[in-house]
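To start, I am sharing the structure in question, which I have written as structure tokens.
The values are calculated or read from the model by the stated rules, or taken from the named source; none is laboratory data. Since we're looking at a predicted model, the values are computed, not measured. Quick reminder, even Gly has a Cβ in these numbers, built from the backbone with ideal geometry, and neighbours come from all protein chains shown.
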């Protein structure tokens, strides 16, 4: 973006002292603010003066400068005064204007640029294999061989090597319509923006030039409109939920229990005394294959797969087929396993993260969806997976207070507390609770919009599916790909803030309020 900062002056002459004072003022009032917060940036900077009698003149060429280049830039401009004609310093000035563009990072080679006092020659830019002059001055297109004054414009015919240019200049000198005569008949339009700056509209591009340098390019790109999505024909009922329980050994989390639930049946895999991981996951996976009913794709949900369960799954599924993990911005979104086992060659298991659809804890989801199977409690700091004895001490519990622990202990009574039995009960309860939450959410969403939530990985993608199915007008939103898409995503992400998970039920209810409005 081109920025302008102007300093009005009254009957001053362009001396070294005036130049130094105005540049220092610009540095302190503008450049210093641009570099605040320790983020280093540089400027593409051009200085112009407006004389009381002769209009604008440029003191120097467009230069890249860093914040620490102030003295060098002052020296560059004052040195330019010594090689320009006397009118620059003998006529009073009305104002000094700084035209600048902010660029990220530090510029290299600025000292060499600021020492170069030579005038720039007319530059060119490349378009459709032609080198085209960057200027609005017809004389810089080559030799003027014809000049004709018309009613609304002045026409110039210029010759440069083998090229012939026809330039129609508006009477106010603000617009040039240029044609490269010959077989190509290439045409473009140049429009004055400000002193030293103009825009060129050529083909499907709009290019802005400042002091002979391209500073901005806009381009029309071919693009297809998003198509409206179709509703789902039937309610998808069959999914599987799973959960992995771990203990800590040598500062590492080690899985010891895996459960899964399909709405009717449970499967359970419990580790042996050596915590043999291969045995644990093999038993789980072999039993999971029995959950295939109709169809060749099994969808398995874990709450927080991205940051927990998926880490363990990825390292254990290699021997069962081809693994295709899906990542976005470094975050694991899902795991697709194309099974390579006799009798299951055409089957696929897709492990998904329900937290990406409903980003609050399972306990809070149970409260919000009024699930009768409330999530249980477990002594996570008890690491003996074959412990049998009295009810575990309060120090082993992490997510309840002493009063709540006392109530649990009282309810449990004087029975023997068995780690394996209680862990399996706890893990099964998690699977059942998550299954009921997802089932209720899907039923309500489908009844209102005929969309299965399982077709989307995240809440934003579900919202987009809803919009594209029921609310998006035809041919209104277009797809962007490649570098343009990447640039837009990066600029958006720079201002995006990821919200923290809700810390209480009231916040969780706020997060689900959208669903209550949708289903009403």
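Name every residue in region 11-27 that is loosely packed, with under 13 Cβ neighbours inside 10 Å and free of Cβ contacts under 8 Å to residues at least 40 places away in the same chain, in order of residue number.
17
Next question, about the same structure. Anything in region 351-383 that is assigned to a helix (DSSP H, G or I) and within 32 Å of the chain's Cα centre (by Cα)? List them, or say none.
Initially, region 351-383 is screened for residues assigned to a helix (DSSP H, G or I), giving 354-356, 362-368.
Selection gives 354, 355, 356, 362, 363, 364, 365, 368.
Just to be sure, is residue 454 under 21 Å from residue 362 (Cα atoms), outside any loop (DSSP other than H, G, I, E, B), touching a strand residue (DSSP E or B) at 6+ places or on another chain (Cβ under 7 Å) and in contact (Cβ under 8 Å) with a residue 24 or more places away in the chain? Steps first, answer last, please.
On the way: under 21 Å from residue 362 (Cα atoms): yes; outside any loop (DSSP other than H, G, I, E, B): yes; touching a strand residue (DSSP E or B) at 6+ places or on another chain (Cβ under 7 Å): yes; in contact (Cβ under 8 Å) with a residue 24 or more places away in the chain: yes.
Yes: the conditions hold for residue 454.
Yes/no matrix, rows are residues, columns are (1) modelled with pLDDT of 95 or more; (2) surrounded by 16 or more Cβ atoms within 10 Å (Cβ to Cβ); (3) in contact with a strand residue (DSSP E or B) (Cβ under 7 Å, 6 or more places away or on another chain):
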| residue | (1), (2), (3) |
| --- | --- |
| 242 | yes, yes, yes |
| 245 | no, yes, yes |
| 255 | no, yes, yes |
| 275 | no, no, yes |
| 278 | no, no, no |
| 296 | no, no, yes |
| 307 | no, no, no |
| 310 | no, yes, yes |
| 317 | no, yes, yes |
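With respect to residue 122, is the statement that it is touching a strand residue (DSSP E or B) at 6+ places or on another chain (Cβ under 7 Å), outside any strand (DSSP E or B) and at pLDDT below 90 true?
When the stated conditions are applied, residue 122 passes them.
Select from region 408-421 the residues that are surrounded by fewer than 18 Cβ atoms within 10 Å (Cβ to Cβ) and either part of a helix (DSSP H, G or I) or at pLDDT 90 or above (or both) and list them in ascending order.
408, 409, 410, 411, 412, 420, 421
Inside region 1-110, counting only strands (runs of 3 or more DSSP E) that do not spill past its ends, which hold 2 or more residues that are under 29 Å from residue 199 (Cα atoms) and at pLDDT 85 or above? Even if it seems obvious, please write down each step before you answer.
Details: elements: 2-12, 41-51, 55-58, 63-65, 93-104.
Answer list for region 1-110: 2-12, 41-51, 63-65, 93-104.
Would you be able to say whether some residue in region 338-350 is closer than 25 Å to residue 436 by Cβ, under 29 Å from the mean Cα position of the chain (by Cα), free of Cβ contacts under 8 Å to residues at least 60 places away in the same chain and in a strand (DSSP E or B)?
Checked against the condition, which is being closer than 25 Å to residue 436 by Cβ, under 29 Å from the mean Cα position of the chain (by Cα), free of Cβ contacts under 8 Å to residues at least 60 places away in the same chain and in a strand (DSSP E or B), region 338-350 yields at least one hit.
Moving on. All but one of (1) over 21 Å from residue 358 (Cα atoms); (2) under 41 Å from the mean Cα position of the chain (by Cα) hold for residue 444; state the number of the condition that does not hold.
(1)
Tell me, yes or no, whether region 296-311 has at least one residue that is over 17 Å from residue 352 (Cβ atoms), without any contact (Cβ under 8 Å) to a residue 24 or more places away in the chain and not in a loop (DSSP other than H, G, I, E, B). Talk me through it step by step, then tell me what you get.
Taking region 296-311 as the starting set, the residues that turn out to be over 17 Å from residue 352 (Cβ atoms) are none.
The answer is no; no qualifying residue exists.
Evaluate the following for residue 234: is it out of contact with any strand residue (DSSP E or B) (no Cβ under 6 Å at 6 or more places or on another chain) and either assigned by TED's automatic domain parsing to the domain that holds residue 379 or under 30 Å from residue 440 (Cβ atoms) (or both)?
On the way: out of contact with any strand residue (DSSP E or B) (no Cβ under 6 Å at 6 or more places or on another chain): yes; either assigned by TED's automatic domain parsing to the domain that holds residue 379 or under 30 Å from residue 440 (Cβ atoms) (or both): yes.
Here the answer is yes, as residue 234 does meet what is asked.
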